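Since the structure comes first, as structure tokens, the remarks are kept for the end.
The values are calculated or read from the model by the stated rules, or taken from the named source; none is laboratory data. What you see is a predicted model, and the numbers here were worked out from it, not measured in a lab. Every residue, glycine among them, receives a Cβ derived from its backbone with ideal geometry; neighbour counts consider all protein chains shown.
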Amino acid sequence: MPRGKAKSTMDVTELLHQDHMKVSELFFQFSKAEDESEKEDLVKQILTELHVHAKVEEEVVYPTVEDEAEEGEELVGEANVEHKMIKYLMAELSQMSGDDEELDAKVTVLCELVKHHVREEEKEMFKKLRESGADLEDLAEQAQERKEELMAEPLPAMSATLEIGEAEEVEEAEQLKALDTKRAPAKKGAAKKKSA
Ligand SMILES: [Fe+2]
Ligand SMILES: [Fe+2]
């Protein structure tokens, strides 16, 4: 569908890069902060930025990466696991106050996770997305729209449940099921191989 006239001149990878820069700056400010209330305020800003950014990526950007970019499914699979780890720490941080003795350590680890994740997105995923020929300006518009909606909402309550591996476990269970159903009839005849 032509979204037409109001087309953004920015592509979606630039938009996401700006978010990455903003969060990196907030982490830097946190590293310099001494005052408890300033730290608390910065953590809130970091959580808000990361929450909105991750949601925009998951809802608007990653599906296109999966469908259009080379190795898109693997890249998104990894990115989603990293998002889960990041969200786990975000949830823990959302329960902490500025004087919590673990606050600095948790923010430092979160910063490291985010840095690693951002590096992978920018060096691999975005590169492959740009090479895919997908309409990245249209995607930027959709991402910007969604971002504005999410920014207007209050930060939702986060629960720290570690779900890493859940997706893989489901997949594994499905593969096992598929194997089981294959095995039974396989006794009667030669297993047919699908030519994809
Ligand atoms: Fe991400
Ligand atoms: Fe990102």
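Things worth noting here:
- Any hit, the stretch 91-99, residues being assigned to a helix (DSSP H, G or I) and free of Cβ contacts under 8 Å to residues at least 40 places away in the same chain: no
- Just one residue in the set 177, 193 is assigned to a helix (DSSP H, G or I), more than 16 Å from ligand 1 (Cβ to nearest atom), among the basic types (Lys, Arg) and modelled with pLDDT under 95; that residue is 177.
- Matching residues, the stretch 100-120, being of a type outside the set (A, V, I, L, M) and either closer than 22 Å to residue 56 by Cβ or outside any loop (DSSP other than H, G, I, E, B) (or both): 104, 106, 108, 111, 112, 115, 116, 117, 119, 120
- Only one of the listed residues (149, 82) is under 19 Å from the mean Cα position of the chain (by Cα), within 14 Å of ligand 1 (Cβ to nearest atom), assigned to a helix (DSSP H, G or I) and not hydrophobic (A, V, I, L, M, F, W, C). That residue is 82.
- Flag if residue 34 is away from ligand 2 (no atom under 16 Å from the Cβ) and modelled with pLDDT under 95: yes
- Flag for residue 39 being among the basic types (Lys, Arg) and within 16 Å of ligand 1 (Cβ to nearest atom): no
- The stretch 86-145 - residue that is within 19 Å of residue 75 (Cβ to Cβ), among the small types (Gly, Ala, Ser) and more than 16 Å from ligand 2 (Cβ to nearest atom) and, of those, surrounded by the most Cβ atoms within 10 Å (Cβ to Cβ): 134
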